[in-house]
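K.L.:
One structure is given below, represented as structure tokens, and several questions about it will come after.
None of the figures in this text is laboratory data; all of them are computed from the coordinates on show. Everything quoted here is computed from the prediction, not taken from an experiment. Every residue, glycine as well, gets a Cβ built from its backbone with ideal geometry; the counts of neighbours run over all protein chains shown.
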Amino acid sequence: MIGLRRTLVVMALALVAGAAQAQTQVALTPTAKPEDVGLSSAQLQKIEAAMKKNIDDGLIPGAVMLVSRRGKVAWVNAQGKRAPDSPDPMKVDSIFRIYSMTKPMVTTALMQMVEEGRLQVSDPVSKFLPGIGAMKVGTEVTGADGAPTLHLADPTRAMTVQDLMRHTSGLTYGNRGTTLVHQAYMTAKIGDRTATNEEMVARLSKLPLRFNPGDRWEYSVAVDVQGRILEVLSGGKKLSEVLAERIWQPLGMADTGFKVADAKLSRVAQPGPRPDGKPMTPRFKVDDGAVYESGGGGGLSTMEDYLKFVSALANGGTYQGKRIIGKKTLEFMTADHVGARPGRPPGFGFGLGFEVRTRVGDSAMPGSVGEYGWSGAAGTEFWVDPKEQLFAIIMIQANDGDTRTVRNQFRTMIQAALLD
């Protein structure tokens, strides 16, 4: 009898352990029915149908979508193909170029160092990267011959870490304009994948600023600069090592990084050209051996992995007992830090690493004041809505022009799924 009891106890413990292990392995299995958390199953089915049409129309090969509310994953959908030239179905562990969805992770890691007292957001960037302090503001003036030239002048104030985090630094992206400053970025090959982060900042430091730090919001390589600060403050570690120690490993994000190992190449999601013959937007190769670890846009991840990061944000900074950022720090990061400065679209400000909703009206996108998130150039996006206790993620790889169409459709239709 005693032996039987012992056997039953062992079996029960094994079942509990197995259940816990299964829960970890199938993290994307919904943990609640949509209606149980105030979501409409009928509307979610409409989203699935709309995405199928996008696939059938050739806008995307496939997609992975997820919605969580009140702390429970209520809907996961993967459909289509992993790549246009592959019969493999899209899966929840398909690996995507997340581009600028790398940014929130980098800023979170740097804010961890703020929590540790190693820097302040008010610190000048030149404290960590002296070359940045020598940058001049470039203003275009028309010469006697009618040709534009750059007038260089000292900035009215120093660029701060906060400027980097909220994109008011005076930096830009070379492909986002045709001014002489933008042309200088292109000539200097800022973002060249053969250059290290240190070499990129050295090149950048020799270029003019677009405007005085703090004057306005302009999307830029600022988060790449944050990545270099992380390397410097970590004693020369590579950005990938810093993020692994501070974000990826604590959260169990095993498939997130700046390159894909040979053994995982068969899981990479790929975009394809549209049927109308438009040329495909070039996307970086995931296995080209590039040494550049772009904190602003070089990341790769899966729905399974990025869900863990977003879950931590939505839960006040923790995921399964692992805290990656303090509650009050996160509140500070997700507040609007841009204010009345020009540059942001109507209804949206910007925090430290995240876009932040400031008004429901004015914008063409429904939502709640206080929601925050960001997207990636190939079509990935996430946002967290604290008011509705909701977050959603979409993973696609699409052509420029189609990315915004698909993302905005998804985001708008999710809003219609809310029942209460």
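K.L.:
What ranking of Thr108, Thr29, Thr281 emerges when the number of other C-beta atoms within 10 Å of each C-beta is taken as an exposure proxy, fewest first? Numbers along the way, then the final one.
P.N.:
Working: Thr108 24, Thr29 11, Thr281 16.
With the sparsest Cβ surroundings first, the list reads Thr29, Thr281, Thr108.
K.L.:
What whole number of Å gives the distance from the Cα centroid of segment 280-335 to the Cα centroid of segment 170-197?
P.N.:
Value for the Cα centre distance between the two parts: 24 Å.
K.L.:
Roughly speaking, what is the centre-to-centre gap between segment 60-116 and segment 362-381 when only Cα atoms are used, to the nearest Å?
P.N.:
15 Å
K.L.:
Here's a follow-up. GNM on the chain, C-alpha springs below 10 Å: top fluctuator among Thr318, Thr160, Thr149?
P.N.:
With Cα springs under 10 Å in the chain, the top fluctuation among Thr318, Thr160, Thr149 is at Thr149.
K.L.:
Further, regarding this structure: Hey, what angle do you get for helix 41-56 against the long axis of the chain, alpha-carbon based, 0 to 90 degrees rounded to 10?
P.N.:
Result, in degrees: 60.
K.L.:
At Arg216 and Leu119, where each label point lies 7 Å from the Cα along Cα→Cβ, what is the point-to-point distance in nanometres?
P.N.:
2.6 nm
K.L.:
Turning to a different aspect of this structure: Once every Cα of segment 32-420 carries one equal point scatterer and solvent is ignored, give the base-10 log of I(q)/I(0) from the Debye formula at q = 0.08, 0.09, 0.15 Å⁻¹, two decimals.
P.N.:
-0.41, -0.52, -1.45
K.L.:
Same structure again: With only alpha-carbon pairs counted, each pair once and no self-pairs, how large is the Kirkwood hydrodynamic radius of segment 267-420 in angstroms?
P.N.:
Details: mean 1/r = 0.0582 Å⁻¹.
Hydrodynamic radius (Kirkwood, Cα only) of segment 267-420 equals 17.2 Å.
K.L.:
Related question: With a cut-off of 8 Å between alpha carbons and a minimum separation of six or more residues, what is the relative contact order of the chain in percent? Mind showing how you got there, number by number?
P.N.:
Working: 811 pairs, mean separation 90.9, N = 420.
For the chain, the relative contact order is 22 percent.
K.L.:
Could you give the length gained by full extension between Ala254 and Thr156, i.e. 0.36 nm per residue of separation minus their alpha carbon distance, to one decimal place?
P.N.:
On the way: separation 98, 0.36 × 98 = 35.28 nm, distance 4.42 nm.
Full-extension gain reported as 30.9 nm.
K.L.:
Place the peptides 115-122, 214-221, 81-88 in order of packing, highest mean first, counting for every residue the other Cβ atoms within 10 Å and averaging per peptide.
P.N.:
On the way: 115-122: 11.8, 214-221: 19.6, 81-88: 15.4.
Result, highest mean first: 214-221, 81-88, 115-122.
K.L.:
Separate question: Which residue, Lys278, Lys91, Lys72, has the most motion in a Gaussian network model of the chain that connects Cα atoms within less than 10 Å?
P.N.:
Lys278
K.L.:
Which of Phe96, Phe258 has the fewest other C-beta atoms within 10 Å, and how do the rest follow up to the most? Each step should come with its number before you reach the end.
P.N.:
On the way: Phe96 29, Phe258 21.
Fewest to most other Cβ atoms nearby, the residues stand as Phe258, Phe96.
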